[in-house]
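Below is one structure; the comments refer to it alone.
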Amino acid sequence: MFPIERPRRLRKNETLRALVRETHIRLDQLIYPVFVRPGTGMKLPVSSMPGIYQWSVDLLTDHLEEVYEQGIRSFLFFGIPAHKDAEGSEAYSPEGIVQVALQTVKKRLPEAVLIADLCLCEYTDHGHCGILRGNDVDNDMTIDILAKTAVVQARAGASIVAPSDMMDGRVAAIRHALDQAGFQDIPIMSYAAKYASGFYGPFREAAENTPSFGDRRAYQMDPANRLEALKEVLLDIQEGADMVIVKPAMPYLDVLSDVKNSVQIPVAAYQVSGEYAMIKAASQLGWLDERRVVEESLLSIKRAGADMIITYFAPLFAHWMQQK
């Protein structure tokens, strides 16, 4: 009852606000996604994602060493291959671009967490996330290829494999393949609740994986569905997922909260390319304070339940933290 209850008492200055703050973002819980391509001396800007580049392995390794020193210790790798075909064969080639990057970065940063995105869409000439039978992705043929790819990624030095294809049963197949190959200790971070979202648009440019026909709604989740996300998450956990991802993040904070409250394993959220691009564009136009909005957006994701956040803002956020 007023005037006994005055919540403003605890907001008087920044020191007091910090003392009672409920939610905190730690650099060691941020994951930085990167795009790697063949060649040397290459740093190609992604026009729809200012500040994000396609890197050749040599320059990427130098870049990640700098980011690591800033406090970001976990990296998620996406590859742009030299060759694409119907089976996405470079995804599981020992000489594939992500495998080369994993090997090189592992030597330079042996304590870093290297996460290999596990999907075929960047490697297929049709841009879909699996093997086609007619115009449909064949689920069971695809999971065989994903399991094979996971083993190759583990051999190349991946600390974690992260299947993002949304095929049914793929976590079980990947777990079995890793175990049979002697990689029982390699965790699976499953994109368990991945929605068919319009927020992925800039990623299509960065990863060069736009489908040549149709879209991915036949395997990624319907944005209207909330309960189905829990079904997907629980199935993946039953199959052996060690961590799960909700993607995108901010448009699905309700789903993120549901998942966090329903499971007993670490939960990640992916602040995707469209989320990044909107904040960047608005800040460049002077419509938003970039630093304030980035921090607020990351806090909202953390507050909703994310143990880890995959974000393209990771290096910039680390730089800001060093300035405090």
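Among the residues in segment 54-77, are any in a loop (DSSP other than H, G, I, E, B), closer than 22 Å to GLN323 by Cα, modelled with pLDDT of 95 or more and open to solvent by less than 10 Å² (accessible area, probe 1.4 Å)?
For segment 54-77, residues in a loop (DSSP other than H, G, I, E, B), closer than 22 Å to GLN323 by Cα, modelled with pLDDT of 95 or more and open to solvent by less than 10 Å² (accessible area, probe 1.4 Å): present.
Is it the case that segment 33-50 has a residue that's at pLDDT 95 or above, in a helix (DSSP H, G or I), over 16 Å from the mean Cα position of the chain (by Cα) and buried (at least 16 other Cβ atoms within 10 Å of the Cβ)?
For segment 33-50, residues at pLDDT 95 or above, in a helix (DSSP H, G or I), over 16 Å from the mean Cα position of the chain (by Cα) and buried (at least 16 other Cβ atoms within 10 Å of the Cβ): absent.
Among the residues of segment 98-108, how many are open to solvent by 10 Å² or more (accessible area, probe 1.4 Å) and either among the aliphatic types (A, V, I, L, M) or closer than 18 Å to ARG37 by Cβ (or both)?
The number of residues fulfilling the criteria is 3.
Determine which single condition PRO94 fails, assuming it passes every other condition in (1) surrounded by fewer than 21 Cβ atoms within 10 Å (Cβ to Cβ); (2) touching a residue at least 60 places away in the same chain (Cβ under 8 Å); (3) closer than 28 Å to MET308 by Cβ.
Checking PRO94 against (1) surrounded by fewer than 21 Cβ atoms within 10 Å (Cβ to Cβ); (2) touching a residue at least 60 places away in the same chain (Cβ under 8 Å); (3) closer than 28 Å to MET308 by Cβ, the one that fails is (3).
Could you list, in sequence order, the residues of segment 11-32 that are of a type in the set (A, V, I, L, M, F, W, C), open to solvent by 60 Å² or more (accessible area, probe 1.4 Å) and either part of a loop (DSSP other than H, G, I, E, B) or in contact with a helix residue (DSSP H, G or I) (Cβ under 6 Å, 6 or more places away or on another chain) (or both)?
Listed by number, the list holds a single entry, VAL20.
Any idea how many residues of segment 139-151 are open to solvent by 20 Å² or more (accessible area, probe 1.4 Å) and closer than 20 Å to ASP185 by Cβ?
So the count comes out to 1.
Which numbered condition in (1) open to solvent by 10 Å² or more (accessible area, probe 1.4 Å); (2) within 20 Å of the chain's Cα centre (by Cα) is the only one that ALA172 fails?
(2)
When you scan segment 175-196, do you find a residue that is open to solvent by less than 50 Å² (accessible area, probe 1.4 Å), modelled with pLDDT of 95 or more and either among the acidic types (Asp, Glu) or closer than 19 Å to GLY88 by Cα (or both), even just one?
Within segment 175-196, one or more residues are open to solvent by less than 50 Å² (accessible area, probe 1.4 Å), modelled with pLDDT of 95 or more and either among the acidic types (Asp, Glu) or closer than 19 Å to GLY88 by Cα (or both).
Please specify each residue of segment 81-98 satisfying the condition of being of a type in the set (Val, Ile, Thr) and in contact with a Pro (Cβ under 8 Å, 6 or more places away or on another chain).
ILE97
Could you tell me how many of the residues in segment 18-76 are under 17 Å from LEU298 (Cα atoms) and touching a residue at least 12 places away in the same chain (Cβ under 8 Å)?
Qualifying residue count, segment 18-76: 14.
Test ASP179 against the criterion of being out of contact with any strand residue (DSSP E or B) (no Cβ under 7 Å at 6 or more places or on another chain), among the acidic types (Asp, Glu) and free of Cβ contacts under 8 Å to residues at least 12 places away in the same chain, and give yes or no.
In short, yes.
May I ask you to say which residue of ALA196, ALA173, ALA218, ALA181 is among the aliphatic types (A, V, I, L, M) and within 19 Å of THR311 (Cα to Cα)?
Residue meeting the stated conditions: ALA196.
Filter segment 109-138 down to residues that are closer than 21 Å to ARG217 by Cβ, among the acidic types (Asp, Glu) and surrounded by fewer than 17 Cβ atoms within 10 Å (Cβ to Cβ) and give me whichever is nearest to the chain's Cα centre (by Cα).
ASP125
Scan (1) open to solvent by 10 Å² or more (accessible area, probe 1.4 Å); (2) touching a residue at least 24 places away in the same chain (Cβ under 8 Å) for the single condition SER164 breaks and write down its number.
Exception for SER164: condition (1).
Report yes if some residue within segment 101-122 is among the small types (Gly, Ala, Ser) and outside any helix (DSSP H, G or I); otherwise report no.
Checked segment 101-122: at least one residue is among the small types (Gly, Ala, Ser) and outside any helix (DSSP H, G or I).
Of all residues being without any contact (Cβ under 8 Å) to a residue 60 or more places away in the chain and aliphatic (A, V, I, L, M) in segment 197-226, which is surrounded by the most Cβ atoms within 10 Å (Cβ to Cβ)? Just the residue, please.
Applying the filter and picking the extreme gives MET221.
Within segment 259-274, identify whether any single residue is among the charged types (D, E, K, R) and in contact with a Ser or Thr (Cβ under 7 Å, 6 or more places away or on another chain), and answer yes or no.
Checked against the condition, which is being among the charged types (D, E, K, R) and in contact with a Ser or Thr (Cβ under 7 Å, 6 or more places away or on another chain), segment 259-274 yields no hits at all.
The values are calculated or read from the model by the stated rules, or taken from the named source; none is laboratory data. Small disclaimer: the values here were computed from a predicted structure and weren't measured. A quick note on method: Cβ atoms are made from the backbone with ideal geometry, for glycine too, and the neighbour counts reach across all protein chains shown. Protein only, heavy atoms only, side chains kept; ligands, DNA and RNA dropped before computing areas. Shrake-Rupley method; radii C 1.70, N 1.55, O 1.52, S 1.80 Å.
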